[in-house]
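Single-structure report; data block below.
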Amino acid sequence: MNKQILNCLLCDRELQQSIGWKELLLNTLPQTICPRCEQRFQRIEQQQEDGVVSLFHYNEAMKDYLHRYKFLHDVILAKVFNKILNEQLKNETRLIIPIPMHPENLKLRTFPHIDELLKAADISFAHHLTKLSTGQQSLKTREERLNTPQLFEVTDPSAIKDKNLLVVDDIYTTGTTLNHAKKALLEAGAKTVDGFTLIRG
């Protein structure tokens with residue numbers, strides 16, 4: 001058994017992990033944050049609401065995480081939730097579709113943050129939506145979000161026809177983003193569309 005010393009991605013404290021045959025054979029993902037940082041994130045007890053499963057509350061720790069990850073462009077932080085996302089989605093039978101970014105917003109962000117979360121968790125996914133608007137939902141009022149015109153179009157309806165889909169986003173607030181994605185996919189022929197987010201606002 002080997003001890004691998006890594007540092008917490010959030011506070012830089014030293015992590016000591018024992019890597020044995022079990023971990024190597026099962027190809028388990030490494031721990032990336034310390035117990036102290038992990039405890040700062042608040043899990044949701046009633047995970048499913050309105051057909052959407054969410055894992056964490058939007059508390060101060062999560063607010064700080066999102067700011068560092070998305071707006072300070074710290075892509076390595078995609079690995080912070082690798083283990084829990086892997087546990088939640090590794091046996092998923094529905095086709096996983098991440099919420100896409102508009103190309104102009106992607107240039108500013110420099111990386112697709114939902115894709116990177118899924119890659120870090122070793123979860124397969126496919127893109128079947130394109131974003132039509134550059135507007136960011138987080139900058140809109142609740143009323144503006146609820147009155148938003150359709151945000152997405154399906155790239156190839158034949159690829160999702162009669163399939164069960166799971167749309168993945170980072171945060172669920174009013175539900176506008178996921179509802180628009182669900183509507184577009186169902187109208188294009190999907191059999192069922194459910195939602196999954198890391199955070200519930």
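The values are calculated or read from the model by the stated rules, or taken from the named source; none is laboratory data. Just so we're clear, the structure is a prediction, and the values are computed from it rather than from any experiment. No Cβ is skipped: glycine too gets one built from the backbone with ideal geometry, and neighbour counts run over all protein chains shown. Side chains included, ligands, DNA and RNA excluded: accessible areas come from the protein's heavy atoms. Shrake-Rupley method; radii C 1.70, N 1.55, O 1.52, S 1.80 Å.
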Name the pairs whose Cβ atoms lie under 8 Å apart, with the first residue in segment 164-186 and in contact (Cβ under 8 Å) with a residue 40 or more places away in the chain and at positive phi, the second open to solvent by 20 Å² or more (accessible area, probe 1.4 Å) and not in a helix (DSSP H, G or I), and 6 or more positions between them or separate chains?
-> Gly175/Asp50
What residue, among those in segment 157-201 that are among the basic types (Lys, Arg) and in contact with a strand residue (DSSP E or B) (Cβ under 7 Å, 6 or more places away or on another chain), is farthest from Glu92 (Cα to Cα)?
-> Arg200
Got at least one residue in segment 84-91 being at pLDDT 95 or above, buried (at least 16 other Cβ atoms within 10 Å of the Cβ) and not hydrophobic (A, V, I, L, M, F, W, C)?
-> yes
Pairs with Cβ under 8 Å, 6+ apart, first in segment 92-118 and aromatic (Phe, Trp, Tyr), second at pLDDT below 95 and not in a helix (DSSP H, G or I) = Phe111/His73
Do we have Thr197 as surrounded by fewer than 21 Cβ atoms within 10 Å (Cβ to Cβ) and either touching a helix residue (DSSP H, G or I) at 6+ places or on another chain (Cβ under 9 Å) or not β-branched (Val, Ile, Thr) (or both) here?
-> no
Per the list (1) closer than 28 Å to Thr110 by Cα; (2) of a type in the set (A, V, I, L, M); (3) out of contact with any Cys (no Cβ under 8 Å at 6 or more places or on another chain); (4) open to solvent by less than 100 Å² (accessible area, probe 1.4 Å), residue check on Ile44 breaks on (1)
Count - residues of segment 50-87 that are over 22 Å from Thr176 (Cα atoms), among the aliphatic types (A, V, I, L, M) and touching a helix residue (DSSP H, G or I) at 6+ places or on another chain (Cβ under 7 Å) = 6
